[in-house]
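**Q** Handing you this structure, nothing more for now.
Each value in this text was obtained by applying a stated rule to the coordinates, not by laboratory testing. These numbers were taken from a predicted model, which means no experiment stands behind them. Here the Cβ positions follow ideal geometry from the backbone for every residue, glycine too, while neighbour counts run over all protein chains shown.
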Amino acid sequence: MALTREDVRGIAEYARIALSEQELDEMTSYLNEAVELLEPIRAYDLSGIDPTFHPIGDLTNVMASDEPDAHGRSLDLEVALGNAVSTRGRAFRVPSILGDTAEKGAGAEGGDR
Amino acid sequence: MPYIDELSAAEIAAGVARGDFSATEVVRASLDAIASREPDVQAFLQISADLALQTAAVTDARRAKGEPLGLLAGVPVAFKDNMQLVGTRTTCASRMLEHFESPFTATCVQRLLDAGATPIGKTNMDEFAFGSSTESSAFHRTGNPWDTQRVPGGSSGGSAAAVAAGEVPIALGSDTGGSIRQPASFCGVVGMKPTYGVVSRYGVVAFGSSLDQVGPFGRCVCDVALAMDALVVGGRDPLDSMSQSVPASFREQLEEPVEGMRVGVIESLMEHEALSAEVRAALEDARAALETQGVQFVQVALPHMEAAIAAYYVIGPAEAFSNLARFDGVRFGYQEPDCATLAEQTARSRARGFGAEAKRRQLLGAYLLASGVYDQYYYPAQQVRTLITADYRAAFARCDALLLPAAPTAAFRFGEMSTPTQMYAADLFTISNNIAGNAGVSVPVGLGKTSCMPIAAQLQGPAFKDHALLRVARALERGVEDAGRTCSGTVAPGFARMGGVLA
């Protein structure tokens, strides 16, 4: 059954990509074309076949020892914050998460970016 | 003095070690060669000239002090722009990461630097590696050095073009569904996708985590072997949990005879309707080149190969959607201003930051992972993966390698592939290898009789038999050279000896 424009609107909301109305049309026809390309995998009798989730078969979960990172992977604060557009002090700065409205008139505080 | 593009990586490293020329002179020649070619080729997104000169100065100082030099001492190398290198941006050819400064260096990049290589710059690619032509780069297109009106292939098109144009002798790419082997084929260079796990992916922006693998491009098999040795000599990388240790003996085994080895061909693939006549003819020449060296050919079958494209375009987009969920515009990446809520900021940042193909793949992945749909496509795709892997196992019980095309045609013209799904279908000869995690290498075998563009043969080998596979690749290259049809080892004719005198 073909995906409708409203189906695609729902998928885009779930994927957190704000599509324009024109993009919605394009993506609807694309997704229907792409899903058609996927049909061959439904043509086989797959009962009793185990899935392969990654190609190195005999590898089970790889666990690291519970110790402080010996490889120096922790980034310095300025490096970690350096690629963010909005920061405050030691933190990434984001708009309202829980409420629907922005912090009105909060203005920029010291250290804001 | 020679032009920089006349030297292989091995010759450059040997020349630097002997003192024929300094690493700094090599960098200057390489930068000069790049400056004269880039207006036409546009292989690079960023040239790291200062970093290259600093690195070369360190190499020259080491030599002056009599310290040992690495395998790639003074060799200019380029990196696909999804690989982190401190001191450069890592953009993935996306507006999303246009200003992203690499916070650390990828292991694959570091391994080449540890071997003494000089980092020349970051190469163009399809945005986030989604594509087969480098046309989805958000910044500019890259011309195929053999005909700049044609695409270089993709997604590692910039790396392939940089090597083919003689800008660098070695470049790294990544291959999730053919993104090293297909551009290597289009540009007439050697490109290797090692077995999944052979090269660390730490610091490479993830696309499809169960499929992604890093590998080198070179103008000859010998340089690819050299790069492979440099990539694996450090052993297993604990920072990539899939990383496996393999011996750094690619060069050592390269010239061993292949007499008595068996190579399989898959008749149904050779008769595939999508395969162009000139590629089919080139594959027959490749077969003859190996047969004269005592390789025996056997017929094998991969019965589930027909489902490989479908399985790949389920698994790849699903994994891409998961991996690209991290681009929310908060910690890094494009951030849309003046949004009232985080949800709005995320959706609008992603809408503005990602190009069309990146959106397509993520929407497809989001759909396929939705409850109800998962059981129809995602789970069956992973079952089909089991069948494809078993097909390969059965085939490799009868042969040491498979000979097949790398792409159905030679490089196509810009805009020639009119729909995304038409482009997807052209991946049919490369993707099953990623699905099974095996090794593959693309070797130039001459120019197409009608297109006059490079054509490659692809060799695929069993997982972790990468050394033997490269040995067959070298034999093929040798056979093609002996037949006088070579385009291996050479720079695309329009760009040969264009600036870059070593002086």
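**Q** Can you tell me the relative contact order of segment B:63-144? Whole percent, Cα pairs under 8 Å, sequence separation 6 or more.
**A** For segment B:63-144, the relative contact order is 33 percent.
**Q** Right, here's the next one. May I ask which of B:LYS193/B:LYS449; B:LYS122/B:LYS449; B:LYS122/B:LYS193 have a Cα-Cα span longer than 24 Å here?
**A** Among B:LYS193/B:LYS449; B:LYS122/B:LYS449; B:LYS122/B:LYS193, the Cα-Cα distance tops 24 Å for B:LYS193/B:LYS449; B:LYS122/B:LYS449.
**Q** Run the numbers for B:ARG497 and B:VAL373: contour at 0.36 nm per residue of separation, minus the present Cα-Cα distance, in nm.
**A** 39.1 nm
**Q** Related question: Treating the beta-carbon of each Lys and Arg as +1 and of each Asp and Glu as -1, no other charges, what is the dipole magnitude of segment B:55-149 about its Cα centre, to the nearest 20 debye?
**A** 300
**Q** Could you tell me the convex hull volume per residue, in Å³, taken over the Cα atoms of segment B:1-48?
**A** Dividing the Cα hull volume of segment B:1-48 by its residues yields 84 Å³.
**Q** Give me the Debye-computed log₁₀ of I(q)/I(0) at q = 0.05, 0.11, 0.12 Å⁻¹ for the protein assembly as shown, equal point scatterers on Cα only, no solvent, two decimals.
**A** Debye output, listed in q order: -0.21, -1.03, -1.22.
**Q** In square nanometres, what is one fourth of the surface area of the convex hull spanned by the alpha carbons of segment B:224-370?
**A** Spelled out: convex hull of the Cα atoms, projected over all directions, averaged, 14.2 nm².
**Q** Which helices count as membrane-span-like in chain B under these terms: full DSSP H, at least 20 Å along the axis by C-alpha, Kyte-Doolittle mean of -1.0 or more?
**A** B:23-41, B:49-64, B:277-291, B:308-324, B:378-396, B:466-482
**Q** Counting pairs of alpha carbon atoms under 8 Å apart in space and at least six apart in sequence, what relative contact order in percent does segment B:211-253 give?
**A** Averaging sequence separation for qualifying contacts and normalising by length gives 34 percent for segment B:211-253.
**Q** Below 8 Å between Cα atoms, with a sequence gap of 6+, how large is the relative contact order for chain B in percent?
**A** 20
**Q** Using only the C-alpha atoms of chain B, find the volume of their convex hull and express it per residue in Å³.
**A** Output value, Cα hull per residue: 133 Å³.
**Q** Roughly how big is the protein assembly as shown's charge dipole about its Cα centre, with Cβ charges of +1 (Lys, Arg) and -1 (Asp, Glu), in debye to the nearest 20?
**A** With only Lys, Arg, Asp and Glu charged at Cβ, the dipole is about 700 debye.
**Q** Quick check: Cα centre of segment B:224-239 to Cα centre of segment B:315-366, how many Å?
**A** 33
**Q** While we're looking at this one, here's another question. Of all trypsin sites (Lys or Arg not before Pro) in segment A:1-87, which ones are in loop regions per DSSP and have a Cβ with at most 11 other Cβ atoms within 10 Å?
**A** In loop regions of segment A:1-87 (DSSP not H, G, I, E or B), the sparsely surrounded trypsin sites (Lys or Arg not before Pro) are A:ARG73.
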